[in-house]
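Single-structure report; data block below.
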Amino acid sequence: MAIAIGQAAGLAGAGGIIAAALLLRLPSVVSLLLGGVLGGIACFVVNEPDLSYAAPALGVVIGGASAAVAQRVLAPATVAGGSAGGVAAIAGGGGVAAGAISFVPAAGYAILLAAIWFAVRLRRSKDRKFAGLRVLR
């Protein structure tokens, strides 16, 4: 059961990455929704014999969160001059690779932890960017 949850978490994260790559030019809300749908479908397919409805709900949350994080990671690449197609191809390939890796036992949890690490890292970098302006208040 724990292996299936890890696989589902990894597939949901991969679905979020692929959603963010496909919808790079659209608002992050759209990629969050598509990432949630892809994550829920991935978790349902992996856990279908159990018919546990908690797994797709968890997949929706993980897929949506990973799509939001991936969107925030990929957006500066296009602003810096990278083509949207190239960035989407590289990120989509990374999402497919993450989905394939998630079938290795316990690797899905590693993908989930990597997404959490990216989210924390992005939050800290945003805080540092405007740290000097807080003195002016």
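The values are calculated or read from the model by the stated rules, or taken from the named source; none is laboratory data. Quick caveat, the model's predicted, so the values are computed rather than measured. When we count neighbours, we look across all protein chains shown, and the Cβ atoms used for this are built from the backbone with ideal geometry, even at glycine.
Quick check on segment 9-24. Is at least one of its residues over 9 Å from the mean Cα position of the chain (by Cα), in contact (Cβ under 8 Å) with a residue 12 or more places away in the chain and surrounded by fewer than 17 Cβ atoms within 10 Å (Cβ to Cβ)?
No: zero hits.
Is it true that SER31 is touching a Gly at 6+ places or on another chain (Cβ under 7 Å) and either charged (D, E, K, R) or part of a helix (DSSP H, G or I) (or both)?
Values: touching a Gly at 6+ places or on another chain (Cβ under 7 Å): no; either charged (D, E, K, R) or part of a helix (DSSP H, G or I) (or both): yes.
No.
Given the options ALA42, ALA89, name the one that is over 12 Å from ALA20 (Cβ atoms) and either out of contact with any Gly (no Cβ under 9 Å at 6 or more places or on another chain) or not in a helix (DSSP H, G or I) (or both).
Numbers: ALA42 fails: either out of contact with any Gly (no Cβ under 9 Å at 6 or more places or on another chain) or not in a helix (DSSP H, G or I) (or both).
Criteria check complete, one pass: ALA89.
Which pairs do you get when a residue that is exposed (fewer than 14 other Cβ atoms within 10 Å of the Cβ), found in segment 88-104, comes within reach of a residue that is assigned to a loop (DSSP other than H, G, I, E, B) and among the β-branched types (Val, Ile, Thr), reach meaning Cβ atoms under 6 angstrom, with the pair 6+ apart or on two chains?
Nothing qualifies.
Check whether at least one residue in segment 43-57 is within 17 Å of ILE116 (Cα to Cα), modelled with pLDDT of 80 or more and buried (at least 18 other Cβ atoms within 10 Å of the Cβ), and report yes or no. Before the answer, list the steps.
Looking only at segment 43-57, we keep the residues that are within 17 Å of ILE116 (Cα to Cα), and these are none.
Scanning segment 43-57 turns up no residue that is within 17 Å of ILE116 (Cα to Cα), modelled with pLDDT of 80 or more and buried (at least 18 other Cβ atoms within 10 Å of the Cβ).
Quick one: count up the residues across segment 26-60 that are touching a Ser or Thr at 6+ places or on another chain (Cβ under 8 Å) and under 19 Å from ALA75 (Cβ atoms).
As a first pass, look at segment 26-60 and keep what is touching a Ser or Thr at 6+ places or on another chain (Cβ under 8 Å): 35, 39.
From what is left, the residues that are under 19 Å from ALA75 (Cβ atoms) are 35.
So the count comes out to 1.
Just to check your reading of the model, which residue among ALA70, ALA65, ALA8, ALA19 is at pLDDT below 80 and aliphatic (A, V, I, L, M)? Steps first, answer last, please.
On the way: ALA70 fails: at pLDDT below 80; ALA65 fails: at pLDDT below 80; ALA19 fails: at pLDDT below 80.
Going through ALA70, ALA65, ALA8, ALA19 in turn, just one is at pLDDT below 80 and aliphatic (A, V, I, L, M): ALA8.
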